[in-house]
Amino acid sequence: MKTIVIVSQKGGTGKTTLAIHLAVAAERKRLSAVIIDLDPQASATAWRDLRAAKGPAVESVQPARLAATLAAAEKAGARPRLHRHASPQ
Ligand SMILES: Nc1ncnc2c1ncn2[C@@H]1O[C@H](COP(=O)(O)OP(=O)(O)OP(=O)(O)O)[C@@H](O)[C@H]1O
Ligand SMILES: [Mg+2]
């Protein structure tokens, strides 16, 4: 499993936009992708709510749960328990 971290203290610099685009691009390459949304604003999670397509999954996670969430993703082949679709395309 590959993990890409997108972090910037400054607001409005494109973190959410970049994360979403990378995840969609991965799914289009037939890779299974999950966005772990650590932002209390949960913008990526709200985007998931509006998206009709099955992938990518987005999990809204408190920072203290990041390590456990990554471990679960690794174990499940980047498909955590709450993943919204059963199998990669
Ligand atoms: N490469 C880009 N070119 C032009 N506009 C962009 C680009 N990336 C993001 N934007 C726009 O910039 C704005 C902020 O982007 P985004 O919400 O992704 O930033 P963010 O870093 O996640 O913000 P926040 O700190 O509030 O979470 C949005 O209106 C988005 O559409
Ligand atoms: Mg954001």
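Listing for the model above:
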| quantity | calculated |
| --- | --- |
| Checklist (1) surrounded by 14 or more Cβ atoms within 10 Å (Cβ to Cβ); (2) touching a helix residue (DSSP H, G or I) at 6+ places or on another chain (Cβ under 6 Å); (3) of a type outside the set (Gly, Ala, Ser) applied to Met1, failing item | (1) |
| Filter result for the condition that a residue is at pLDDT 95 or above and exposed (fewer than 12 other Cβ atoms within 10 Å of the Cβ), over Gln9, Gln41 | Gln41 |
| So Ala33, is it surrounded by 10 or more Cβ atoms within 10 Å (Cβ to Cβ), within 18 Å of Gly11 (Cα to Cα) and either modelled with pLDDT of 95 or more or not aromatic (Phe, Trp, Tyr) (or both) | no |
| When residues of region 38-78 are limited to those that are part of a helix (DSSP H, G or I) and acidic (Asp, Glu), the one farthest from ligand 2 (Cβ to nearest atom) | Glu74 |
| Qualifying residues in region 12-25 (those that are of a type in the set (Gly, Ala, Ser) and surrounded by 10 or more Cβ atoms within 10 Å (Cβ to Cβ)) - the one farthest from ligand 2 (Cβ to nearest atom) | Ala25 |
| Any pair with Cβ under 6 angstrom, 6 or more apart, that starts in region 1-14 at a residue that is free of Cβ contacts under 8 Å to residues at least 24 places away in the same chain and within 16 Å of Ile36 (Cα to Cα) and ends at one that is within 13 Å of ligand 1 (Cβ to nearest atom) and not small (Gly, Ala, Ser) | Ile6/Lys15; Ile6/Leu18; Ser8/Lys15 |
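The values are calculated or read from the model by the stated rules, or taken from the named source; none is laboratory data. Quick caveat, the model's predicted, so the values are computed rather than measured. So basically every Cβ, Gly included, is an ideal-geometry build from the backbone, and we count neighbours across all protein chains shown.
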